[in-house]
1. Can you find a residue that is among the aliphatic types (A, V, I, L, M) and either surrounded by fewer than 17 Cβ atoms within 10 Å (Cβ to Cβ) or in a helix (DSSP H, G or I) (or both) anywhere in the stretch 572-580?
2. Taking the conditions exactly as written (over 30 Å from ASP405 (Cα atoms) and not polar (S, T, N, Q)), does ALA350 satisfy them or not?
3. Quickly run through the stretch 596-613 and pick out the residues that are open to solvent by 50 Å² or more (accessible area, probe 1.4 Å) and within 24 Å of LEU509 (Cα to Cα).
4. For THR135, only one of the following conditions fails: (1) surrounded by fewer than 18 Cβ atoms within 10 Å (Cβ to Cβ); (2) in contact with a Lys or Arg (Cβ under 8 Å, 6 or more places away or on another chain); (3) under 16 Å from LEU453 (Cβ atoms). What is its number?
5. Here is a check on your reading of the model: is VAL339 aliphatic (A, V, I, L, M) and under 27 Å from the mean Cα position of the chain (by Cα)?
6. Taking the stretch 67-78 as the search range and keeping residues that are at pLDDT 75 or above and open to solvent by 60 Å² or more (accessible area, probe 1.4 Å), which one is nearest to ALA14 (Cα to Cα)?
7. May I ask you to say which residue of ALA568, ALA593 is part of a helix (DSSP H, G or I), at pLDDT 85 or above and open to solvent by 20 Å² or more (accessible area, probe 1.4 Å)?
8. Of (1) more than 29 Å from GLY575 (Cα to Cα); (2) outside any loop (DSSP other than H, G, I, E, B); (3) modelled with pLDDT under 90; (4) open to solvent by less than 20 Å² (accessible area, probe 1.4 Å), PHE328 satisfies all except one. Which?
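The values are calculated or read from the model by the stated rules, or taken from the named source; none is laboratory data. Note that the coordinates shown come from a computational prediction; the quantities given were computed from them, not determined experimentally. Cβ atoms come from the backbone with ideal geometry, glycine included; neighbour counts cover every protein chain shown. To get the accessible areas, we keep the full protein, side chains included, count just its heavy atoms, and leave off ligands, DNA and RNA. Shrake-Rupley method; radii C 1.70, N 1.55, O 1.52, S 1.80 Å.
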Amino acid sequence: MKKKFGKGLVFALAAASFIIAVLEGLIYYGVYGGTPLFELILVVQNGIKAFLFTPDIPAQEVLASLQGDVGTWQYVVGCAYVAAVFIAPLCTATAVVSTVELLLRRGAHISGGKAPVTLVYGWSSTAQSILRKHTREAGDVYLIADKTLTNAQQLELTRHNVFPCSAKQEARLWKRAGRIFLLDESPAKNFSRYAALQRRWEESPAALSPKVICACEDAGVGDLITAFHDERVRRSPAAGVLPVSLFAMAELQAKAVWEACPISTYNFGPDFQGPEERRYDVSMALVGLGTFGQRLLEQAVSLGVLSSTGHTRFDVIDRDAGELLSFFKSAFSPAYVQVDREAGTLTVPAGNADGSLTIRFHPCDVDDGDFLPLLRRLNGEHPFTYAAVCLRDTDAALRCLNRLDRVLRESGRAVPVALRMEADPELAAYFKGETPFFGRVFPVCGEADRLTLERLAAEDAYAGAVRFNHIYNRFAAALDGGGEPEGTAESQWRALESFKQRSSLFQYLHQTVKAQRLAYERGREEPFTPEKPAEAGEYEALGRPPLTDPLALEFARMEHRRWCYYMAVNGWAYGEKRDNARRLNPCMVTWEALLRGDQRYTCQYDTTPYRVLTRKNGEE
């Protein structure tokens, strides 16, 4: 704020000095008369030369003229002019110093150094918001913009250790890039840039292997980018492929919900009410299902698995529930789910996966008279364990929250409620504190306001997913009778197709739910007893060293169920042979069918999360 005020003050003084110099010129040259055009040239020339330390009208001469009989206006302008001829050169010196500072900082950083740097392509609103929050401690960032930045913008960026650079400078910095962000407004431009970077990498790979983070709000373009990446993975060595991570604001916003309050918080917390057999059931209400709500529901389908046999239910309330049912019908494979359009339900049949998954769509508006009775009926049938108000309109969201809170208070349940509140930061700040009216409400703010380059890179989640994949590969190597898998954990990750990388990421994100479940089970007075006793040889199927803990078996079953739901929401179904193009997988069956079938050996992979939770650093 102080820097902006200082720049504004210098500009104001410079403008005032020029205006005063022009006024004094009009008075001074008007005395002699002459051609108006010639007089105007002399006036402007004097105003300009005042900034160059050599005004045509000397200050001493003006002071001398003020000693005689002059009018009030001429006296005031003359006094101001004397001050202006001293201020104007100072403004010039300030501008020169700022320009030199900009050039020196840019030159020093671009020409020297061997430390890894970050490259940002694009000057979108998202890029501007992110770069203004960048700090010097986070390292040097170089911006390649397709728009011309003003000197003021460039100077402001350098103060955040962000240095605009030309195409020639970018070519030199490429060899030092550790991370690359593609932040153009157009997903197609980001795709084009990624393809160009990949071709450059194939022709001349650098010593560093940069990670690419690409903004993509369009699902169709996202599919093209992942297809391009996967095709390169299949035909090229892993080291020759630039790994790419796609992000969309709605998806980041949905992930922020689970970071703030996991879906299992109520079930394994001290406020849970109900019979013990219901503790592992999820019943979530979602009101309003725009882009953000859709991403939230898609993630909740797999992250909401709390046991191997529990019930997972989602009640979606929206005025366009029929269209949303069609959307999710197209997202799921018709061979794996059952859709009852008349009842507005989508279910996974019992023979396709363990437990049960039901999504019900209810056409209703928040302001309809039937909205409150509908909430009461749904909460009475299956008491809510989680709720999310996904409405963009703040007023409608608050009206919905009031009715939802009323229903929850009537049932005496302190259920977490995620409240979309990106349009009003003041209200969001209020709900982050202790509110006297509502219970466990937490606001979901706009991600653009708190995004940074570090958060986009998601180093913690990325590292966790890489680690899970490495442990998975160790199991595969052991099954093949070999030792450790070839390559490092990072190189193994780069050899994966995009979908498998994303699958490992969601396996890692579900660890929070498993950790809450494990803490609850270990804190119980009575030891955990599985609903279905272990079959003969089932523990042996979980790999080596043998796991004999009933919880290990339960967590393996739970992980298999979670994986099936994750695959289902991404359009996969059962097939006798794996077919990536048709999205078929022979493992998308119940645990019992998997245990008895040809894919029995894959049961070992489902123990990965439990082994990570119960062993130091996830190592055997």
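1. no
2. So ALA350 fits the description; yes.
3. Quick first cut of the stretch 596-613, residues open to solvent by 50 Å² or more (accessible area, probe 1.4 Å) only: 596, 598, 600-601, 613.
The answer is LEU613, and nothing else.
4. Exception for THR135: condition (2).
5. So VAL339 fails the test.
6. The selected residue is VAL76.
7. Exactly one residue qualifies, and that residue is ALA593.
8. (1)
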